[in-house]
Structures are given as C-alpha cells and as structure tokens.
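I have placed the structure first, in the form of structure tokens, so that the comments after it can refer back to it.
The values are calculated or read from the model by the stated rules, or taken from the named source; none is laboratory data. Note that the structure is predicted; figures quoted are calculated from it, not measured. Cβ placement follows ideal geometry from the backbone for every residue including glycine, while neighbour counts extend to all protein chains displayed. What goes into the accessible areas is simple: the full protein's heavy atoms, side chains included, and nothing from ligands, DNA or RNA. Shrake-Rupley method; radii C 1.70, N 1.55, O 1.52, S 1.80 Å.
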Amino acid sequence: MIRHIVMFNTLPTARQEDVDAVLKSAQDDLRAIEGVKNLAVSTSFEVVEPPAYRYALTMEFEDDASLQSYMTHPTHDRFRSIFFAIRDDFMIMDLRELPDPT
C-alpha cells in the first residue's frame, strides 16, 4: 500500500472561494480517478505546536503502477492547474507501508 500525502498552505492573496473550489475538486474529481482509494481532504489543528501546513490531501494506492497512472491522468493535470493557482508552500510525500513484522 502506498500513501500519497500533499500538505500545503494557501497564498495570502488566495480568495476563500477559490480555495474551496480546489478542495471540492480534490474531493470530487481526484476521488473519481481509477486507483485512488481512501481520499481525504483535511485541515490541521494545534495540539502541541502550531501546524506547519493548514491543509492536507491524503490518498492510497494499491501499487506503484496505480500511483503512476494517477500522476499522469488528465484529471490530475487539470487539478494541478487550479491547485498551483492558490497554493503557497507545500510538501508531497509518498509512503510505502512496511510489512507487519509478526
């Protein structure tokens, strides 16, 4: 299992309606891409320290081929164009689940 995580902040000049449109597109459009599992759009909150990123998109893929298919999908390309218009700093991580040691 692969987890794809995108954490980001929005530009100070980004309008909230544009941010909302990007989050909705993630929920509706990215979720519809074949191979995407357990997509979640989240916002952070403070527990001990202020979070470095306000928003996160997380999703899972069965294997490398599914992730690569997602990365080159036309819907993902369209999403990136609206995402890049509102995003400031960001971090992307792809995590491979380790096998259970037992």
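Summary of values
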read-out: Cut-off under 5 Å, modelled amide H: who pairs with LEU39 long-range; value: GLU60
read-out: Equivalent-ellipsoid semi-axes of the stretch 1-79, from the Cα gyration tensor, Å, largest first; value: 24, 16, 9
read-out: DSSP-assigned coil residues among GluC sites (Glu not before Pro) in the stretch 35-102, each with at most 10 further Cβ atoms within 10 Å; value: GLU46, GLU97
read-out: Selection from ILE86, PHE45, HIS73 lying farthest towards where the dipole of the stretch 9-102 points positive, charges on Cβ; value: ILE86
read-out: Residue-level accessible surface for ILE2, protein heavy atoms, 1.4 Å, Å²; value: 10
read-out: Per residue accessible area in Å² of the chain, where ligands, DNA and RNA are left out and the probe is 1.4 Å; value: 66
read-out: Heavy-atom SASA rank of VAL47, VAL41 (probe 1.4 Å, accessible area, largest first); value: VAL47, VAL41
read-out: DSSP loop trypsin sites (Lys or Arg not before Pro) with at most 16 other Cβ within 10 Å: longest gap in the chain; value: 55-102
